[in-house]
Each structure stands twice: as structure tokens, then as C-alpha cells.
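Step one of this worksheet: look at the structure below.
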Amino acid sequence: MNGEFDAVHVCVVGYGVVGTLHTRLLTGLGFRVSVVERNAAVWLPDGVRGWRTVEDVPADTVDVWLVCTPTEDHLRTLIRVLALDPAARVLLEKPACRTAEIDRMQAVLAAHPRLRVAVMDQYRDSAVIARVRETLRTLAPGEPVRRIRVAFSKDRRLDVRRGRFVDRDHGVFGYEWHHMLAILGGLLPPARYGSYLARPVASGELRCLFDEQFVISAALEKTWAGPVQVELFSTVVGDPAAAGTGVGAPAWTADFPLAHGGRQRLVRVESESAHVTAELEPVGQGPDGPLPRNVHRITARTPAGRVDRSHVTEFLMSDALRRLITLLRDGSVSTPDLRTLHRIALLSSHALHVGRLPHAVGPSTG
């Protein structure tokens, strides 16, 4: 720590799994951290002051509020913060709010022109995603991107048994899909990304599996962003083992090992003659052995058919917190881009009301 942030006060609202993680990371970066947590039995680290309510916090001492409450409390928390400081700087954990609250969120943002809000995103502007773009340009100069594939998998059943939040509004779309869209936005030109976000869900482009616990437990979307084919896959129950449903993990993902907890975070960009795949941390053991934390593996297939591997070391969460807090403080961020939440709402609504399959996965038992 070099003292860069020791005078910057970040107040973390909500001290669950995510709030605890962010508090540890912020403290490690040298920020001055306090926590709002109504549960008096919660233990806080040394040097971290605790408050029971937002209203207890002396707002004029807070540089940035970091909202880590459950999603259904995000908008209410933001409104409470605004009652204390109409020009607050606020970082919201994803998603920004519930689907039914999008219009109200937009109205609150419009009514507070001095407010600055960002939504947590550790991928779009990350070094590892930049490396994927640059590697493909180097391997296949002048060739346009033909396909972008993103696959994020995790078995969240144990987390849920331990009390982790279940998104019953969006199902699988409420978890890693936010990150997947951020990555897509980092790989596509803005106009093409905008065309994807605004694109209606056509028949046959989205297939989902349904689950009594997670509502929607897996989803596969195959669509277009202009001339670029887009394939997005995610599951929250590990391998959905959905033979015949078309919702299993895409075949290309089998080339990459799973990490603990059935985790797999893959990004692939393809041109006509080459493709580049990033395995985002945590990375499963591959041909180069186990990798330490915060190391990401890049696998590139060259036009000559050679396979090259390299690594990127990047502390995604810490770097994102530092970057977003800095942008909020200097006013470079104004309001969050809620188009991604609109897209997630569209996909989940389509799945639940239009696209339900005749077969479904039963309750997740672990």
C-alpha cells in the first residue's frame, strides 16, 4: 500500500458474502472502510467501523457508497443514501435493481443530476479481455471477427444451501450473465453491441432448462450482433446433463478443464483462420499444471494450426474496485447503462413465458 487511498472513505452497505469480500479487498487496497450491517452479531475486522443503518453514517465523511445488499434492496438503499446526500457517489453490486424496478431506477437517476452511479463490472475493461482482442488481431490481421462465444458455469447448489441469494426474477440470467454481457461489450464495437442488446429474441435463438429451486438453471443463446455470431451459455447447476434438450455445455468448452466447484469461465473470439480463448480465473489444471489465483490462461490457435499458450496476471476484483471508485470520485461515470438489465429481463421473460421446453430438470438436490 502506498497511501493513495488511505483518506478515501468507502462505506459498504450489507456485509454478506459479497460485502465481506469487498471489505477485505478494499482494506487491502488501503481504503478507509466502514460497514452498514443491521445484524449486531456480525464480526467486523479490526479498523472497520460498523453502523446499524445508513442513516447512522455521517454522510459528509463518505466518498463512495458500495451497495452489497440483496438485489431487492438496491433501489431502496440508493434512495436512503440520496436522502442524506443528493450528490452521492454510489457503486452498486450487480444487478443494479430488480426487473420490475427499472423504470423507477431511471426516474431516480434522472431526478438527481449530481448523483454518480456505477454497477460493479470487473471484466469489460480488464487487461485479459484486451489481450484476447489484441492476440486475435496479431494472429489474423485484417480478418474480421466472425464469432464470439462466452460460457460461464458454476454449481451454486452448495452456496444456496448455505444461504446464498437465489435470483427468482431472472434465474440463471441474474448471475453470470451480467459478466458475460460486460465481456461481450468489451469485444464488440459499440454500435454492434447496441444492436445485440436491442435485438428481439427470435424463435429458436434461446433454449433454457427450468428448475424448482433456481427457476431457470441453464441457458444457451445463439444469435447475432450485426455480422458477428454470438453464443452465450451459462449454468448454475454444473453440467446440466441435458442430453437432447440443446442446453448442455457447448462442445468447444470440453477442451478446457473445470476448476473447483464446477467453475468454468471461458471467452472465445474467432476469425476465419484463427481463434483465441481465455480461461478466466479460477482456471482448472491444464497442460501447464495448476495455476495460482488471479492468473488467466490464453490459448490461441494460429492460422497454421499451431496452439500457443500464455498467461495474464490480473487481480480482476481489486482492479475493478480501484478503477470504478476512481471514476466515480472524479465524475467520469454519470449513470449506469441499464440496457444490459433490459436485455436480461427480455431473455428471462422470453424463457419463462415463451420458450419453456417440454422437458425440465427437476429440483436441484446437490
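The values are calculated or read from the model by the stated rules, or taken from the named source; none is laboratory data. Fair warning: this is a prediction, and the values are worked out from it, not measured in the lab. Virtual Cβ from ideal backbone geometry, glycine too; neighbours counted across all protein chains shown. Accessible surface areas use protein heavy atoms only, side chains included; no ligands, DNA or RNA. Shrake-Rupley method; radii C 1.70, N 1.55, O 1.52, S 1.80 Å.
Of the conditions (1) open to solvent by less than 50 Å² (accessible area, probe 1.4 Å); (2) modelled with pLDDT under 95; (3) part of a strand (DSSP E or B), Val201 fails just one. Which one is it?
Here Val201 clears every test but (3).
Only residues that are over 14 Å from Arg156 (Cα atoms), assigned to a strand (DSSP E or B) and open to solvent by 10 Å² or more (accessible area, probe 1.4 Å): list them for the stretch 204-224, please.
Leu206, Arg207, Leu220, Lys222, Trp224
So is Ser334 in contact with an Asp or Glu (Cβ under 9 Å, 6 or more places away or on another chain) and modelled with pLDDT under 95 or not? Break it down stepwise before answering.
Numbers: in contact with an Asp or Glu (Cβ under 9 Å, 6 or more places away or on another chain): no; modelled with pLDDT under 95: yes.
Against the criterion (in contact with an Asp or Glu (Cβ under 9 Å, 6 or more places away or on another chain) and modelled with pLDDT under 95), Ser334 does not qualify.
Can you name every residue in the stretch 76-100 that is modelled with pLDDT under 95 and out of contact with any strand residue (DSSP E or B) (no Cβ under 8 Å at 6 or more places or on another chain)?
Hits for the stretch 76-100 are Cys97, Arg98, Thr99, Ala100.
Can you name every residue in the stretch 71-81 that is open to solvent by 40 Å² or more (accessible area, probe 1.4 Å) and β-branched (Val, Ile, Thr)?
Hit for the stretch 71-81 is Ile79, nothing else.
Residues being open to solvent by 30 Å² or more (accessible area, probe 1.4 Å), farther than 30 Å from Arg309 by Cα and not in a strand (DSSP E or B): count how many of those fall in the stretch 112-128.
3
Restricting to the stretch 87-111, give me the number of residues that are closer than 20 Å to Cys11 by Cα, in contact with a helix residue (DSSP H, G or I) (Cβ under 6 Å, 6 or more places away or on another chain) and open to solvent by 20 Å² or more (accessible area, probe 1.4 Å).
The qualifying residues number 3.
In this structure, does Glu221 turn out to be within 21 Å of the chain's Cα centre (by Cα), closer than 21 Å to Gly171 by Cα and touching a residue at least 40 places away in the same chain (Cβ under 8 Å)? Don't jump to the end; show me each part of the working.
Values: within 21 Å of the chain's Cα centre (by Cα): yes; closer than 21 Å to Gly171 by Cα: yes; touching a residue at least 40 places away in the same chain (Cβ under 8 Å): yes.
Judged against the criteria, Glu221 is a match.
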